[in-house]
Ligand code: PEP
C-alpha cells in the first residue's frame, strides 16, 4: 500500500507575523490537484505565532505543530515561562517536536523527553520524536547503539505508534549541508525497523529523515523506501524551497 509522505517544517527561532505569507504560498500550491495526495504537510513555527497562523490559514491541506511543550503535567499553574500541552493544543497544533538535538543540548534529557511524550499524547498531540548521533559517536561506529538507547529510554513499551513519528536526525547533518549516503541511511533504517518490530511489536512505524534536506538532495533521499518523509529546518523557511522539495520528491 502506498504510504503518506511527511514534509515537516521546523522553523526553530525564526519568523515573524509576516512569515505567514510563506505558509499562504504553500497552501496555494497544495490546492493544485496535480500533486500526489499521499502527503502530509506540517509547519512548526515558534509558539508565539502558532495561534495567529492556525486561525488565519486553517485548511485540510496543511497542519501545525509546536517545537516544545512543558514537562509539567498540568494545564495551568504558577510556572513562569511554561506553555502546557493543553495551551499548545488550543493554539492550533496537532503535533509537537520532542527530543530535538538542539533542545537536548539545552535542557532535555531522556527522562524529560519520556515525560513530554506521554503528556503530549494525553493531550491529543502527535509527537515528532527526534533521535540522532553526533559525529564523534558516528566515527566510533556507535550510531545505532545511541539511537537504540535514545528510543529505549524515551518510548514506553505501551505507546501507540499511531501517535509517533520518529525523525532520525544525525547531529552532524543538521545545518551543515552534509547528508548521509543512501547506503548509510539504508543500514540505519533497516536496523531501526527490525529493532522496533522486535522490541515494540510495531510493523510500520513512521520513520522520517532530518538534516540539511534541500530541493536537490531530496531526490536521492527519496529513493530510500524506508523513509516516510522529512523534517526540514533551513529549507522550510521560504515557501520556494519548501515547495521545490515537495515537487522534486514526487516528480
Ligand atoms: C532540524 O533542525 O530539524 C533540521 C533538519 O535542520 P536543517 O534542515 O536546517 O538541517
- Query: Could you say which residue among 246, 171, 188 is closer than 25 Å to residue 94 by Cβ and at pLDDT 95 or above?
  - Reply: 246
- Among the residues of the range 179-190, is there at least one that is surrounded by 13 or more Cβ atoms within 10 Å (Cβ to Cβ), within 13 Å of the ligand (Cβ to nearest atom) and within 20 Å of the chain's Cα centre (by Cα)? yes
- Flag for residue 7 being within 23 Å of residue 175 (Cα to Cα) and either surrounded by fewer than 18 Cβ atoms within 10 Å (Cβ to Cβ) or at pLDDT 95 or above (or both): yes
- Does residue 212 satisfy the criteria of being crowded, with 20+ Cβ neighbours inside 10 Å, under 24 Å from residue 133 (Cα atoms) and either more than 15 Å from the ligand (Cβ to nearest atom) or at pLDDT below 95 (or both)? no
- Candidate set from the range 87-130 (those that are in a helix (DSSP H, G or I) and within 16 Å of the ligand (Cβ to nearest atom)); member that is farthest from residue 192 (Cα to Cα): 106
- Message: Looking at 227, 206, 232 in this structure, which one is more than 15 Å from the ligand (Cβ to nearest atom) and within 30 Å of residue 20 (Cα to Cα)?
- Response: 206
- Task: Please specify each residue of the range 235-251 satisfying the condition of being crowded, with 18+ Cβ neighbours inside 10 Å and away from the ligand (no atom under 15 Å from the Cβ).
- Result: 239, 243
- If you go through the range 131-153 one residue at a time, do you hit one that is touching a strand residue (DSSP E or B) at 6+ places or on another chain (Cβ under 9 Å), at pLDDT 95 or above, over 24 Å from residue 214 (Cα atoms) and outside any helix (DSSP H, G or I)? no
- For the range 21-53, name all the residues that are over 20 Å from the mean Cα position of the chain (by Cα) and under 22 Å from residue 96 (Cβ atoms). 52
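This table checks each residue for (1) surrounded by fewer than 16 Cβ atoms within 10 Å (Cβ to Cβ); (2) in contact with a strand residue (DSSP E or B) (Cβ under 6 Å, 6 or more places away or on another chain).
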position: 78; (1), (2): yes, no
position: 86; (1), (2): no, no
position: 95; (1), (2): no, yes
position: 100; (1), (2): no, yes
position: 106; (1), (2): yes, no
position: 121; (1), (2): no, no
position: 124; (1), (2): yes, no
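The values are calculated or read from the model by the stated rules, or taken from the named source; none is laboratory data. Nothing here was measured: the structure is a model prediction, and the numbers come from that model. In this analysis, Cβ positions are derived from the backbone assuming ideal geometry, glycine residues included, and neighbour counts consider all displayed protein chains.
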